[in-house]
Amino acid sequence: MSAAHPSAADEADAAPALHAPAQQARAFAPGSVGNIGVGFDVLGHSIEGVRDVATVRRIDEPAVRIRAIRGAVPGADSLPLEAARNTAGQALISLREKLGLAHGFELELDKGIPLGSGLGGSAASCVAALVAANAVLAKPLSRDALYEFALDGESVSSGSRHGDNVAPMLLGGVVMATSTRMIALAVPEWLYAVVVHPDQVLETRRARAVLADPYPLAQVVKQSAHLALFLTGLQRGDAGLLREGLVDLLVEPRRAPLIPGFAAVKAAALDHAALGASISGAGPSCFAWFASRSDAAAAAPAMRQAFADAGFDSRAYVTPVAGPRAEVLD
């Protein structure tokens, strides 16, 4: 049977809209797990459960203004309103300057990702702002084109240009991020994660400071082998290779002492069939990967209990590893 020809109405729906750009847009960006243990500064995946929201308006003034920052997360009201000192503000400044826009942007942020949590909160703010601002451009850009502006914004918080958080937020799922490009990686649909955020704060700059000393070459070679096994496991959908590869020999040993309870949380995850577990981003949040949603759901209470035994309340998020990407809400 031959396919039906599209009607004029169908073709009209498929054609790009010919109208002036919207004056305002609202977008969210999800949280993320940066590094995924073996991929320091180059691998990350988005998660369900936490998000930041940005509202962006076009303004005639050729500038970027932050009108308000809200949110129930502690410290949200202390974030800088000066655009150049804010990850979202700097991302929009870079966008304006690179495109030579005559107009500017006014920004409001609603923080849902705790500060200093290792869940990509600073990255989510700038990605949400960029996706919202992109929606009010006369000629919206591709996600790949937004990447450099997201890196500019993220650098305000971390002091370096690394895309392991902003890239998975822009594309969704697991992403390999270099200084110039984002590459979405294959993710088996059965793969789930538990991400546990304790009531602790660990500043990214402090977590990066413990990595300053050089590593022995033999250790780097072993880590490279783990990364190769991990990436091959993703590509093949092989749980055994993922289990063998998801072992961080470089970053985790130096950062673990900064997170009270981490060792017990990791042990609880592994005792409940985790393929591997490590620190989410700079910490203090921890993550573990599982071969099914049921395994992940069964492990989450035990991981929270391990933090409780160390004296910290926590929240656990059970999420597909192939998490969502940032999107316009309105």
Item to complete: Report the dimensions of the chain along its three principal axes from the alpha-carbon atoms, largest first, rounded to Å.
Response: 62, 57, 38
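Based on DSSP H runs of at least 4 residues, each adding -39500 (n - 2.57), what is the mean residue ellipticity at 222 nm of the chain after dividing by all its residues, to the nearest 500 deg cm²/dmol?
Working: 11 runs with 121 residues, N = 330.
Per the formula, -11000 deg cm²/dmol.
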Item to complete: Round to the nearest 10 and report in Å² the accessible area of L191, as given by a 1.4 Å probe over the protein chains' heavy atoms.
Response: 0
Fill in: Fraction of alpha-carbon pairs over 18 Å apart in the range 179-330 - percent
61
Worksheet, complete the sentence: Extension length gain for L211 and K139 (0.36 nm per residue less Cα distance), in nm, is 21.7 nm
Worksheet item: What accessible area, in Å² to the nearest ten, does a 1.4 Å probe give for I183?
Response: 60
Discussion item. Counting other C-beta atoms within 10 Å, and keeping those with at most 14, which DSSP coil GluC sites (Glu not before Pro) do you find in the range 115-196?
Written reply: E189
Practice prompt. Starting from the Cα of L99, step 7 Å along the direction of its Cβ; do the same at S292; then give the gap between the two resulting points in nm.
Written response: 4.7
Fill in: Proportion of all alpha-carbon pairs of the range 241-300 beyond 18 Å (%)
31
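In percent, what relative contact order does the range 60-173 have, based on Cα pairs under 8 Å that are 6 or more apart in sequence?
Numbers: 183 pairs, mean separation 33.3, N = 114.
Relative contact order of the range 60-173: 29 percent.
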Worksheet item: So which lysines pass the test for K98, namely a Cα distance under 20 Å, with those fewer than 8 places away in the same chain ruled out?
Response: K139
Item to complete: Excluding residues fewer than 8 places away in the same chain, name every one of the lysines whose C-alpha is closer than 22 Å to that of K222.
Response: K266
Worksheet item: For the range 278-330, what is the largest minus smallest coordinate of the Cα atoms on each principal axis, given in angstrom and ordered from greatest to least?
Response: 42, 24, 20
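At a threshold of 8 angstrom on Cα-Cα distance, excluding pairs fewer than six apart, so keeping six or more, what relative contact order does the chain reach in percent?
Working: 824 pairs, mean separation 78.4, N = 330.
This gives 24 percent for the chain.
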Worksheet entry | Directionally averaged projected area (convex hull, Cα atoms, the range 139-230), nm² | 8.6
Worksheet item: the range 287-302 to the range 40-99: how many Å between their Cα centroids?
Response: 32
Response to the item:
Per the range 24-154, sqrt(5λ) over the Cα gyration tensor eigenvalues, sorted largest first, in Å, gives 23, 17, 12
Practice prompt. Would you mind checking the radius of gyration and Dmax of the range 75-148 based on alpha-carbon positions, in Å?
Written response: 12.5, 37
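The values are calculated or read from the model by the stated rules, or taken from the named source; none is laboratory data. Every value quoted in this text rests on a predicted model; they were computed, and no experiment measured them. Methodologically, a virtual Cβ is constructed for each residue, glycine included, from the backbone with ideal geometry; neighbour enumeration extends over all protein chains shown. Note: areas computed on protein heavy atoms with side chains; ligands, DNA, RNA excluded. Shrake-Rupley method; radii C 1.70, N 1.55, O 1.52, S 1.80 Å.
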